[in-house]
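Visitor: Quick one: structure below, then a few questions.
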Amino acid sequence: MRDLGVVARCKGTIKKGGFLLGVGLCAAGALSCRRSDDSHQAPRAAPAPETAPTTSPEMAVARDVAQGPQGGPVQIVAPWGGLSVHEAGVPLKRAKRALLLIHGYGADANDLREVGLRLSDESRKETAILLPEAPIGLAQGGFAWFELNGAGFDDAVAKLRALLAYFHEQYPKMPYALGGFSQGAILTANLLSATAPNLRALLIFSGADLVGTPPADSAVRRPVFISHGREDRMLSFNQGKQLADAFATWGYKVEWLPFSGGHNIPPTIVAAAEEFLGENFRDEKNER
């Protein structure tokens, strides 16, 4: 089992709309850094379902792109928004709840697999873990949702909105939680208006206050768990704190957990997030 305390590493900055968005993003993911022999891999496309043993046939997807204005209706032209989605835990068709986790820059769909399994420890026999893979292959290996200069950001949001719309359509009554790490956390915070009443909780691991449009008044407001390392050199601690303050301003119940450490998800945070999820999945007051 990989060490959840290992720090991911990356260099670079992100700019969008002329503003500096952050210093670096996760290059190796939350769980471990890539081996040196992986750093010279040629660019590759997201693996097709038949080459990804963790992707079941029912999760196979076309490569069409779902188009739609950010914040508006999305036209679904392919299952899961045209993204490759890997599974862990219980098969989705047999699950009683789902946990959808979005990986960071330079990682892949399986990067948050171990985190997801630990987060669902209490309900492992009932929880399906959905792990979408970013569409942009990187020269050094791994994938990105958008470039470090911000290119592709709106397209990433549109694809993940389409993915959520497909999930809501196929499983309209299934309770679920949505979360992400680093670049995935930034995107999670930009999907607030795309959630549904069966959402139970949000998880933001080492994100940043980079929400283009605040959530609509009609957006489902569920408890949100936000963690950030005080020594984070990729996305500053202040960015995480500002995001927590923004969620509170928008009317969300925020559980803010700063920790001593860098750009990662340490075991203490995983344990706290697991307890947070358990409480919110059990809370019948969330039912509508």
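Visitor: Relative contact order of segment 57-286: what whole-number percent is it, with Cα pairs under 8 angstrom and at least 6 residues apart? Before the final figure, lay out each step's value.
Guide: Details: 497 pairs, mean separation 39.6, N = 230.
Here the relative contact order equals 17 percent.
Visitor: List the residues, sorted by chain then number, that are 5 or more residues from residue 99 or on another chain and whose placed amide H is less than 5 Å from its amide H.
Guide: Hits under the 5 Å cutoff: 128, 129, 130, 177.
Visitor: For residue 169 and residue 122, FRET efficiency with R0 = 22 Å and r from the beta-carbon atoms, rounded to 0.05? Mind dumping the intermediate values first?
Guide: Numbers: r = 28 Å, r/R0 = 1.28.
FRET efficiency, residue 122 to residue 169: 0.20.
Visitor: Using the Karplus equation 6.51 cos²θ - 1.76 cosθ + 1.60 (θ = phi - 60°), what ³J(HN,Hα) coupling, rounded to whole Hz, does each residue of segment 151-166 give in order, writing x for Gly and Pro?
Guide: Those phi angles translate into 4, x, 4, 4, 5, 4, 4, 4, 5, 6, 4, 5, 4, 5, 4, 5 Hz.
Visitor: Near the amide H of residue 236, under 5 Å away, which other amide H atoms are found, from residues 5 or more places off or on another chain, if H is placed in the peptide plane?
Guide: Amide H to amide H, under 5 Å and 5 or more residues apart or across chains, residue 236 pairs with 23.
Visitor: May I pose another question? For the pair residue 250 and residue 218, how long in nm is the line joining their label points, each one 7 Å along Cα→Cβ?
Guide: Rounded to a tenth, the inter-label distance reads 1.7 nm.
Visitor: A further question follows. So how do 97, 230, 118 line up by other beta-carbon neighbours within 10 Å, fewest first?
Guide: Working: 97 20, 230 13, 118 17.
Starting with the residue having the fewest Cβ neighbours, the order is 230, 118, 97.
Visitor: Once phi is turned into ³J(HN,Hα) by the Karplus curve 6.51 cos²θ - 1.76 cosθ + 1.60 with θ = phi - 60°, what whole-Hz value does each residue of segment 93-100 show in order, with x for glycine and proline?
Guide: Going residue by residue, I get 5, 9, 7, 9, 7, 9, 10, 10 Hz, with x marking Gly and Pro.
Visitor: Still on this model: Quick one: what are the phi-derived ³J(HN,Hα) couplings along segment 273-282, Karplus 6.51/-1.76/1.60 with θ = phi - 60°, whole Hz, x for glycine and proline?
Guide: Those phi angles translate into 5, 4, 5, 4, 5, x, 5, 7, 6, 7 Hz.
Visitor: Could you pull out every residue, at least 5 positions away or on a different chain, whose amide H is within less than 5 Å of the one on residue 136? Hs are placed 1.01 Å off N in the peptide plane, and Pro or chain starts have none.
Guide: Close amide H contacts, sequence-distant or interchain: 144.
Visitor: Pairs on different chains or at least eight residues apart, Cα atoms closer than 24 Å: how many lysine pairs in segment 57-286 fit?
Guide: Close lysine pairs found across segment 57-286: 13.
A short reminder: the numbers here are calculations on the coordinates, not readings from a lab. The shown structure was predicted, so the numbers you read here are calculated from the model rather than taken from an experiment. Here the Cβ is made from the backbone with ideal geometry for all residues, glycine too, and neighbour counts use every protein chain on show.
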